[in-house]
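Below: the structure, in structure tokens.
The values are calculated or read from the model by the stated rules, or taken from the named source; none is laboratory data. In this text the structure is predicted, and so the values were computed from the model without any measurement. Cβ: placed from backbone, ideal geometry, glycine included. Neighbour counts: every protein chain shown.
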Amino acid sequence: MVKSKIKHTFDGKTVEIVKDYLYDHAGRLTSVSQKNGTDPVTTLATLHYNEIGQLIQKKLHVSGNNALQTVNYYPFGAIVESTTYSNSTDNKYRYNGKELQKELELQWSDHGARMLNFTMSRWTTPDPLAEKYYSLSPYAYVANNPMNFIDPDGREIWIYYEDEDGNEQKMPYTANMQYKGNDFVSTTVNFLNAAYNNGGAKMMDVLIGSSNSFNMVNQIPTYNGSPVDALQFDPTTGGGGNIYAKLLLNSNISDFAKVEGVAHELFHGFQHEKGQGGASVFNEVEASVFGYSVAQNWGFQNVFSGARSGTSFGTDTPNGQIFEKAFFNMVNGNKFSSRDFIDAVNTFQTGSAKGTSRFYQNHPLRSPNQTRLLLPQFYPLIK
Ligand SMILES: [Zn+2]
């Protein structure tokens, strides 16, 4: 058994969190438990391996010893990004049972009045709300072209869906809108509102106010040609992009994971909007910290009110412990810590449960266009 001690300061009080890492005879991590101040011991994670020693499932626990999330792994090591809730209390969302309509991808990538953006490099993508956030973001663009501020067809997050007659429809999302009707639209609106009201507002206002379109689409993404049960941001060439969001209708996924996933993928959209898009460890750490923080804010309001225990994201290695400590320091810290961010980026591929998959091994730590940190402007992340 290995112990790690991390001191967290919440509301001026310092709490010592002691984590116990349990290993099996083969030296593999099998469970992580936590003692948080005077609280009882809580199981954070349990890990399961197949007969040849590959990690096939990792369950994350937050509240008591009930499983909050389960992460499954493909045989070749990539994470099936879905997380299933084994303690489901809520079945209000259901599959709509419709076939994936691949031919509709063409329509989804049609950006109508925004063709102007196809002639622009993403580096010059204007941000109509940049002035509003000037005092908050030292990275806001100051050379906006006012000609690009006016584009009523682009200034939204759009939700694409199929109506009762099978016709493709789209609906603009505005902050805290109320909607009843189509399952996919109402579910997506609920989760966008959840992200908006739990720390996502400042970031989402930029996407809503952008002259690029960000679209929530009722599709499942694919990886290596196979469908992946996940939410995923997919940039479009002219700016903006699609978030594959059919997973939101899956009642086997926890609402916590859905809020986290929506905030995470929107943050990838925000990175793209700021000219910093592209898969890299740098972007993945930022989006992961942001998404998890929003979900944790949401969780305080809903399921785990008052609870501030964290899940275990690190592996059973020294780097895994460095990653996990850095990750939760960033989530819970009052200020952005460059030191923790650098630690998390440097240990992500070897030490995080997600990063050790082949998918992330193929990505660079940072791409040349990713020159600025976008996360610091949103601190503190835990509201
Ligand atoms: Zn991501």
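Just one of the listed residues (Ile253, Ile243) is buried (at least 23 other Cβ atoms within 10 Å of the Cβ) and touching a Phe, Trp or Tyr at 6+ places or on another chain (Cβ under 6 Å), namely Ile243. Taking the listed residues Gly355, Gly291, Gly320, Gly275, the one that is small (Gly, Ala, Ser), crowded, with 22+ Cβ neighbours inside 10 Å and more than 14 Å from the ligand (Cβ to nearest atom) is Gly320, with no other qualifying.
Here's the yes/no breakdown for (1) hydrophobic (A, V, I, L, M, F, W, C); (2) at pLDDT 90 or above:
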position	(1), (2)
Ser251	no, yes
Lys258	no, yes
Val285	yes, yes
Gly310	no, no
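Selection of region 223-244 for residues being polar (S, T, N, Q) and within 16 Å of the ligand (Cβ to nearest atom) yields Gln232, Asn242. Remark: pairs (first residue in region 248-263, of a type in the set (Phe, Trp, Tyr); second residue in a helix (DSSP H, G or I); Cβ separation under 9 Å; 6+ apart in sequence or on different chains) = Phe256/Ala295; Phe256/Gln296; Phe256/Trp298; Phe256/Gly299. Here Phe290, Phe304, Phe300 are screened, and the one residue that is at pLDDT 95 or above and either under 25 Å from Gly209 (Cβ atoms) or aromatic (Phe, Trp, Tyr) (or both) is Phe290.
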